[in-house]
Amino acid sequence: MSKTLYNEAYLDEYVELVIRHGVNIQKGQELLISCPADCAYFARKAMAVAFEAGASNVHLRWSDDICARTKFLKADDKVFDTFPAWDKLMMESLSEGGAAFLSVVAQDPEVFKGVAPDRLSRFNKASSVALKPYFEKIITGGVRWSIAAVPSEAWAKKVFPNAGSAEDSMKSLWESIFNAVRVSGDGKAVDKWGAHKDALRRRVKLLNDYHFESIHLKNSAGTDLVMKLPKTHLWTGGGDVAKDGFEFLPNIPTEEIFSAPQFDGVDGTVVGTMPNVFRGNLIDEYSITFKDGKVVSYDAKVGKEHLEGMINDIKNMDYLGEIALVEHDSPISNMGILFYNTLYDENASCHLALGSAYPDCIKGGGAMSEEERKAAGINVCDSHHDFMFGSADMSIVGTTASGEKVTVFENGNFAI
């Protein structure tokens with residue numbers, strides 16, 4: 001990778017942030033880095049910093065967009081009903097042993113455009129079943145994990161199609177990523193993140209103090225959704241704490257404050273305000289309607305067959321598991337860039353997620369069984385996928401147990 005595409009000092013600061021505060025590697029701990037082959041230079045730096053931080057071993061799990069596309073187009077059809085046993089064993093054994101997990105994302109948003117949706121759907125189901133124990137550890141804080149983005153040429157050209165050369169697109173995306181993660185080469189990213197996490201947590205406390213029974217979300221795009229909240233619901237944000245007691249940052253960047261809806265208490269329609277990337281395909285101009293929590297209808301002008309797969313492939317993906325609040329006047333939103341990458345776009349917009357709720361969104365949820373979590377009112381599923389619905393005119397009104405109406409969002413931003 002040419003060093004002219006990014007500032008080396010910025011990259012070093014970014015890697016330090018991801019390793020020492022994202023996954024927060026501890027002495028004697030193993031780390032698995034899942035990384036595209038094109039981003040090997042980032043993985044090499046991350047490995048070196050992880051060992052400096054005290055990691056006992058660092059494992060690499062490589063991927064490649066072109067090879068993945070070739071497989072989905074040409075492999076024997078029966079391949080897509082199975083998940084590699086060695087891959088399942090690796091994820092389970094490392095997670096059982098207390099390893100941390102770093103996912104480096106750089107995927108071409110349309111890498112699987114033209115691939116038979118049935119193949120994608122069946123492999124999605126097989127992966128979900130095989131990786132259920134690992135996914136359970138992810139959502140319950142059983143392991144520390146983080147997701148960070150690195151530009152790839154295909155992704156950069158999608159985000160900046162008019163930048164000129166592919167190199168210019170890559171430079172522009174690198175600059176945007178550094179800006180989004182508060183890296184400026186001055187070595188103060190960690191201090192900036194500390195202040196940012198404190199600000200998020202102050203608002204988390206305020207929302208928890210209100211303890212709304214329900215919220216009503218509405219905007220001019222067509223969203224009109226009433227959402228009940230579980231009796232013991234909690235809002236959270238600004239990082240997480242794993243069961244081993246160490247803090248970590250699941251998403252870098254993060255601007256969201258989130259909770260879980262009552263799984264059977266959502267009624268109305270939500271309209272997407274950004275394209276959504278699912279299984280290497282775009283879904284755009286879409287809407288989803290809920291009754292008693294369940295999806296009862298949906299439509300999309302682009303990628304409807306993939307929206308159908310998102311909703312129907314896996315049991316309970318037709319219920320919501322997350323409501324996340326992000327101000328329209330926020331750093332990533334103010335860039336005015338459509339990233340075509342959920343990690344970034346979800347931090348520029350209020351969003352919902354179909355599928356699993358995070359157990360920590362209810363009191364004591366991290367120690368509950370799946371049955372107990374469902375009884376407490378949150379959705380249980382083996383997958384989780386976010387989609388964005390925020391806007392400059394988003395209105396959110398909360399209703400307290402006493403019937404008081406409180407304006408939470410006005411004109412796209414917090415009013416409390």
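Calculate what fraction, in whole %, of the accessible area of the chain sits on carbon and sulfur atoms when a 1.4 Å probe is rolled over the protein chains. All intermediate terms of the calculation are to be shown ahead of the outcome.
Working: 8750 of 17120 Å².
That fraction is 51 percent.
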Just subtract the alpha-carbon distance of Ala126 and His211 from 0.36 nm times their residue separation and send over the number in nm, one decimal.
26.7 nm
List, in the order given, every pair from Lys45/Lys74; Lys197/Lys315; Lys132/Lys304; Lys27/Lys125 whose Cα-Cα distance in the structure shown is over 29 Å.
Lys45/Lys74; Lys197/Lys315; Lys27/Lys125
For a label point 7 Å along the Cα-to-beta-carbon line of Asp264, residues of segment 334-370 with backbone N under 20 Å:
354-359, 362-363, 369-370
List the pair-distance distribution P(r) of the chain, using every Cα-Cα distance, as the percent of pairs falling in each 20 Å bin from 0 up to the bin containing the longest distance, rounded to whole percents.
26, 62, 11, 0
Rank by packing, highest mean first: peptides 39-49, 159-169, with packing defined as the count of other Cβ atoms within 10 Å averaged across residues.
39-49, 159-169
Per the C-alpha gyration tensor (a ≥ b ≥ c, the square roots of its eigenvalues), segment 284-416 is rounded if a/c is under 1.5, else prolate if a/b beats b/c, else oblate; here it's oblate
Would you give the gap between the C-alpha center of segment 201-276 and the C-alpha center of segment 97-165, rounded to a whole Å?
22 Å
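Please give the peptides 116-123, 72-79, 226-233 ranked by average Cβ packing (other Cβ atoms within 10 Å per residue), highest first, as a rough proxy for protection. Don't jump to the answer; show the numbers that get you there.
On the way: 116-123: 17.4, 72-79: 11.5, 226-233: 20.0.
So the peptides 116-123, 72-79, 226-233, ranked by packing, come out 226-233, 116-123, 72-79.
Taking the Cβ of Lys88 as the center, what net charge do the other residues with Cβ under 13 Å away carry, scoring Lys and Arg +1 and Asp and Glu -1?
On the way: positive: Arg61, Lys132; negative: Asp87, Glu92, Glu96.
Spelling it out: positives minus negatives among the neighbours equals -1.
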Quick check for you: with a 1.4 Å probe and neighbouring chains kept, what is the accessible area per residue of the chain, in Å²?
41 Å²
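Let me check against my output: what whole-number percent is the relative contact order of the chain, with C-alpha pairs under 8 Å and at least 6 apart?
On the way: 908 pairs, mean separation 63.8, N = 416.
The normalised contact order for the chain reaches 15 percent.
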In the neighborhood of Asp284, defined by Cβ-to-Cβ distances under 11 Å, what is the net charge if each Lys or Arg adds +1 and each Asp or Glu adds -1?
+1
In Hz, Karplus ³J(HN,Hα) per residue of segment 43-58 (6.51, -1.76, 1.60; θ = phi - 60°; x = Gly, Pro)
4, 4, 5, 4, 4, 4, 5, 4, 5, 4, 7, x, 4, 7, 7, 10
Using all C-alpha to C-alpha distances in segment 29-116, build P(r) with 5 Å bins and read off the rounded percent in each one.
3, 12, 19, 19, 19, 14, 8, 4, 1
I'd like the accessible area for Trp145: 1.4 Å probe, protein heavy atoms, all chains in place, Å² to the nearest 10.
30 Å²
What shape does segment 92-234 take by its C-alpha gyration tensor, where a ≥ b ≥ c are the square roots of the eigenvalues and a/c under 1.5 counts as rounded, a/b above b/c as prolate, and the rest as oblate?
rounded
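Pull out a ≥ b ≥ c, the square roots of the eigenvalues of the alpha-carbon gyration tensor of segment 1-158, then state rounded if a/c is under 1.5, prolate if not and a/b is larger than b/c, and oblate in the remaining case. Each step should come with its number before you reach the end.
On the way: a/c = 2.41, a/b = 1.23, b/c = 1.96.
Verdict is oblate for segment 1-158.
The values are calculated or read from the model by the stated rules, or taken from the named source; none is laboratory data. This is a predicted model, so every value here is computed, not measured. All Cβ positions, glycine included, derive from the backbone under ideal geometry; neighbour counts span all protein chains shown. These accessible areas exclude ligands, DNA and RNA; they are computed on the full protein's heavy atoms, side chains included. Shrake-Rupley method; radii C 1.70, N 1.55, O 1.52, S 1.80 Å.
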